[in-house]
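A short write-up of the structure that comes next.
The values are calculated or read from the model by the stated rules, or taken from the named source; none is laboratory data. Quick caveat, the model's predicted, so the values are computed rather than measured. Heads up: the accessible areas ignore ligands, DNA and RNA and are worked out on the full protein's heavy atoms, side chains in. Shrake-Rupley method; radii C 1.70, N 1.55, O 1.52, S 1.80 Å.
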Amino acid sequence: LGYVVPFDILNTALKKIENCNARYYGLETIQQAILQDNSWQIQLTNSNITAKLLVGADGADSIVRKLANIAATTVDYKQSAIISNIQIENNHKNTAYERFVANGAIAMLPFGNANTMKFVWSLDTNKAEKLLTYNDHDFLRLVQNEFGNKLGNLQDIGKRMLLPLKCTVATQLVGNRAVLIGNAANAMHPIAAQGLNLGLRDVASLAELLHNSFDAGDSELLNKYAAWRYDDHKIINKLTHILTKDFRGRDSMMTMLDLIPSAKKYFTKRACGLNNNLPKLSLGIAL
Ligand SMILES: Cc1cc2nc3c(=O)[nH]c(=O)nc-3n(C[C@H](O)[C@H](O)[C@H](O)COP(=O)(O)OP(=O)(O)OC[C@H]3O[C@@H](n4cnc5c(N)ncnc54)[C@H](O)[C@@H]3O)c2cc1C
């Protein structure tokens with residue numbers, strides 16, 4: 001689980017890469033890219049770039065993935081997330097919460113001031129659509145009943161939006177002078193709160209391999225990245241999938257974890273992103 005960072009703050013932070021001898025192209029989008037003579041000729045909205053390596057960090061519907069001819073498979077869970085901002089009575093103390101309830105899972109993620117959180121309720125789409133028709137007062141009362149009093153009284157809720165939940169996984173992590181990271185590689189259901197964490201380990205691994213590399217798009221280097229990241233992606237995907245397949249499956253899994261401490265320990269360790277093959281940046285070691 002994590003803190004939700006508003007887009008403008010993220011964008012301002014990203015601009016600072018210009019202090020590191022890099023160019024920031026802001027909100028320009030990639031329009032087209034062609035691989036010619038071992039270099040990508042990339043056309044952005046207002047600029048052109050030449051690059052030895054194209055990194056797809058452009059989310060679940062990645063254009064880079066398509067340009068690199070990497071296929072993807074999609075599973076539609078027929079579930080949706082109701083997302084909104086919620087005002088709570090208690091200070092959230094920068095702590096994220098998730099409660100598994102009969103109708104899915106309710107997550108509260110720190111966002112903005114001490115009494116504002118992002119509210120995410122994942123549940124079957126037909127039920128979610130019905131809950132959208134409730135007025136704010138009735139909806140808030142229902143959420144309070146389901147979530148409990150951990151954060152005090154739930155005081156106000158903003159506009160509710162519905163996000164269909166799917167899982168889109170690339171069939172491979174690398175192509176010719178192209179590599180996928182984050183959701184472009186593996187966009188998962190948010191129930192296990194793993195997507196960003198997995199993506200950060202992608203970034204850390206790729207950065208470590210690229211550090212001091214002679215040719216960033218070298219196929220040997222990219223294959224090392226794919227081999228390094230394979231297990232982490234596969235295992236996290238599987239654990240997430242078990243929780244999401246259906247909510248009955250989730251309950252059986254939770255019971256099983258309670259009964260088998262070694263399995264619970266393994267699950268918790270993996271969900272915390274701990275494995276024996278972590279990149280340096282994930283361990284806080286500079287490159
Ligand atoms: C409701 C919800 C709750 C979540 N909670 C958690 C959590 O608690 N913990 C966790 O680890 N993960 C969580 N996740 C998952 C996490 O949000 C994602 O895994 C993460 O945001 C993926 O980051 P990304 O940069 O790879 O992709 P994205 O966040 O999708 O970003 C892709 C970016 O690429 C840009 N882009 C797209 N196309 C182009 C183009 N053609 N040219 C240029 N740019 C382009 C987009 O505008 C976007 O800015 C949650 C997800 C959801 C939906």
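Straight-line cross-link partners of LYS265 among the lysines, defined as a Cα under 26 Å from its Cα and at least 8 positions apart when in the same chain: LYS150, LYS234, LYS238, LYS245, LYS280.
A 1.4 Å probe run over the chain, with the rest of the protein chains in place, finds 56 Å² accessible per residue. For a straight C-alpha distance cut-off of 17 angstrom, the aspartates and glutamates reachable from LYS118 (same-chain residues fewer than eight places away being disregarded) are ASP8, GLU89, GLU98, ASP136, GLU146, ASP156. Inter-part distance, region 175-242 to region 72-119, computed on C-alpha centroids, equals 25 Å. Highest GNM mean-square fluctuation among VAL64, VAL169, VAL75, for the chain modelled with Cα contacts below 10 Å: VAL75.
Measure off, as a whole percent, the carbon and sulfur share of the 1.4 Å-probe accessible area of the chain, all protein chains present. The C+S portion of the solvent-accessible surface of the chain is 53 percent.
Beyond 18 Å, what percent of the Cα pairs of region 212-287 remain? Display every interim value, and only then the final one.
Numbers: 1612 of 2850 pairs.
Here the tail beyond 18 Å accounts for 57 percent of pairs.
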